[in-house]
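Report on the following structure.
The values are calculated or read from the model by the stated rules, or taken from the named source; none is laboratory data. Keep in mind that what you see is a predicted model, and the values were worked out from it rather than measured. Here the Cβ positions follow ideal geometry from the backbone for every residue, glycine too, while neighbour counts run over all protein chains shown. For accessibility, only protein heavy atoms count, side chains too; no ligands or nucleic acids. Shrake-Rupley method; radii C 1.70, N 1.55, O 1.52, S 1.80 Å.
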Amino acid sequence: MISAEQNDLITRVGPQAPAGKLLRRYWQPVALTDELAGERPVRAVRLMGQDFVLFRDEKGELGMLDRDCPHRGADLAYGRLEDGGLRCPFHGWLFDTKGTCLETPAEPVGSKLCSRIRQSAYPVVERSGIIFAYLGEGEPPAFPEFDCFVAPDSHTFAFKGLFECNWLQALEVGMDPAHASYLHRFFEDEDTSESYGKQFRGASADSHMPITKVLREYDRPSIDVQPAEFGLRLTALRELNEEQTHVRVTNVVFPQAFVIPMSAEMTISQWHVPVDDENCYWYAIFTSFTGPVDKQQMREQRLELYELPDYTSRKNKGNNYGYSVTEQNNQTYTGMGMDINVHDQWAIESQGAIQDRTREHLGTTDKGIIAYRRMLVKAIEANLAGEGELPMMVTAGQAGSFSGPPSIDGISEKAQVATYCEDADLKRRQGSDWASARLSQQ
């Protein structure tokens, strides 16, 4: 357990909060590219307790500005897209994507007021179906050339969903390999050939064994956590018999993402992004190493649970997450349906809007969470002091040195466990059109 003061230090994300200051030093997902499709590409964004307006101008350029008009505070999310920028409907003040005031039309002819006005604007870029923004001071870090950022558009799919809780407890689920054997336990195994787009429903690599069977029957993983250039690497081993071991390798990318296997062919890169102290969005990029992603099927599957326009869950605390006692007795460990996102949502939202970590008792299987918190506190303190290097402050020159990071779920011969992740990852890349091309460049 930790003190209330320590809990505040690592969870609060406002502009003056220590963790908030740190997270502003990194690119943050703010919207899906899909959210700016349609007749009016303008969207209100709330990020780390601040309000912004994101828009695409008539030339297709992206901009993100403070949401309140600098004239008298009207809401620019209702602005008119015209004349090279976003125009406030209150008095017609016009701003471009850089925050430059182009016109103050209600002012007298010859007025110089416009030249003295500037709205705060923030760098924005698109990567693999997600729009990222940078709120910090100085130059933002470069994007590391991870698979999710360099795979062709045809081989990636992006989505998001809202969790009504603090970002940190949402992120920490991804550092906890043991929970999958319980929270995501299914009492019966489905046909793995029908598992496309569903996590934990396919077969582990190099086998025909359903992942659901592995998790259900081998529920005491041996967990190893090692530092990596991007953050942390977690390896969970489940010994199946004297000859075979199930190997699952996942990665924590500092400050708030993880890269995990979805299937033998696909990985998930997922960020947990604070809306404010008590809400967060998860943003995910699904990356395929084989054929193009069936984006329509992936989207339709997720829209069965998530409701537009805010990507809120149809199963939530208001309807008890769809809980069924009959299902809990006969089909799933939680009784909350077949979508593991609901299981995770219940687990983290039931901890409270901000988990009270003064009451927790961590165990051996929480070693990934313990290691990450230490890393986070160290980075917060270094950022406040303005001393020392922060993790993943990548320069353009360093970006190309990153790959992967490898994330594997498969069954290895016991003698090859130590090298299984690297061997399986290399084999997958060699069989992939886009990933094999990268191998020849490295």
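Some observations on this one:
- Within the range 250-290: backbone nitrogen closer than 16 Å to the Arg46 label point (7 Å, Cα to C-beta): 273-282
- Net lengthening on full extension, Leu439/Arg359 (0.36 nm per residue, minus Cα-Cα): 24.0 nm
- Hypothetical label at Glu103: residues of the range 61-84 whose amide nitrogen lies under 16 Å (7 Å Cα-Cβ projection): 79-84
- Relative contact order (percent, whole number), the chain, Cα cutoff 8 Å, 6+ residue spacing: 20
- Euclidean distance of C-alpha centroids, the range 38-94 and the range 127-186, integer Å: 26
- Solvent-free Debye calculation, one equal scatterer per alpha-carbon of the range 27-129: log10 I(q)/I(0) at 0.10, 0.14, 0.15, 0.17 Å⁻¹ equals -0.26, -0.50, -0.57, -0.72.
- For Leu426, solvent-accessible area (1.4 Å; no DNA, RNA or ligand), Å²: 70
- Projected label distance in nm at Glu239 and Asp153, using a 7 Å step from Cα toward the beta-carbon: 5.0
- Percent of C-alpha pairs per 5 Å bin, the range 85-208, short to long: 2, 7, 9, 11, 13, 13, 11, 8, 7, 6, 5, 4, 2, 2, 1, 0
- Dividing the convex hull volume of the alpha carbon atoms of the range 112-183 by its residue count gives 201 Å³ per residue.
- Each label point was placed 7 Å from the Cα along the Cα-to-Cβ direction; for Glu137 and Gln301 their separation is 4.5 nm.
- Intensity falloff of the range 180-243 expressed as log10 I(q)/I(0), Debye formula with alpha-carbon point scatterers, at q = 0.27 Å⁻¹: -1.17
- Look at where the Cα atoms of the range 212-286 and of the range 368-437 average out, and the two centres are 11 Å apart.
- Shown for the chain are the DSSP H helices of 15 Å or more along their axis, judged by Cα atoms, with a mean Kyte-Doolittle hydropathy of at least 0.0: 367-385.
- Computed from the Kirkwood radius of its Cα pairs, the Stokes-Einstein diffusion coefficient for the range 226-355 at 20 °C and 1.002 mPa s stands at 124 µm²/s.
- Stokes-Einstein translational diffusion, the range 319-442 - Kirkwood Rh over all Cα pairs, 0.890 mPa s, 25 °C, in µm²/s: 125
- FRET efficiency, 1/(1 + (r/R0)^6) with R0 22 Å, evaluated for Asp8 and Leu390 via beta carbons: 0.60
- Label separation (His91 vs Asp34): 4.0 nm, computed from points 7 Å beyond Cα along the C-beta direction.
- Positive dipole terminus of the range 160-210, leading residue within His208, Cys165, Tyr196 (C-beta point charges): Cys165
- Accessible area of the chain belonging to carbon and sulfur atoms, whole % at 1.4 Å probe: 47
- Rg/Rh, computed from the Cα trace of the range 79-119 with Rh as the Kirkwood radius, has the value 0.93.
- For the residues Arg314, Arg72, Arg299, a GNM of the chain with alpha-carbon springs under 10 Å puts the largest fluctuation on Arg72.
- A P(r) calculated from all alpha carbon pairs of the range 149-273, with 5 Å bins opening at zero, reads 2, 9, 18, 22, 22, 16, 8, 2, 0 percent.
- As an equivalent ellipsoid, the chain spans semi-axes of 40, 23, 23 angstrom, where each value is the square root of five times an eigenvalue of the C-alpha gyration tensor, largest first.
- When the alpha carbon gyration tensor of the range 1-86 is reduced to an equivalent ellipsoid, the three semi-axes, largest first, read 32, 15, 10 Å.
- Computed over the range 41-192: relative contact order in percent, which uses C-alpha pairs under 8 Å that are six or more apart: 13
- Highest mean packing comes first when the peptides 186-192, 251-257, 410-416, 205-211 are listed by Cβ atoms within 10 Å, giving 251-257, 205-211, 410-416, 186-192.
- Accessible surface area normalised per residue over the chain is 45 Å², counting heavy atoms of protein chains with a 1.4 Å rolling probe.
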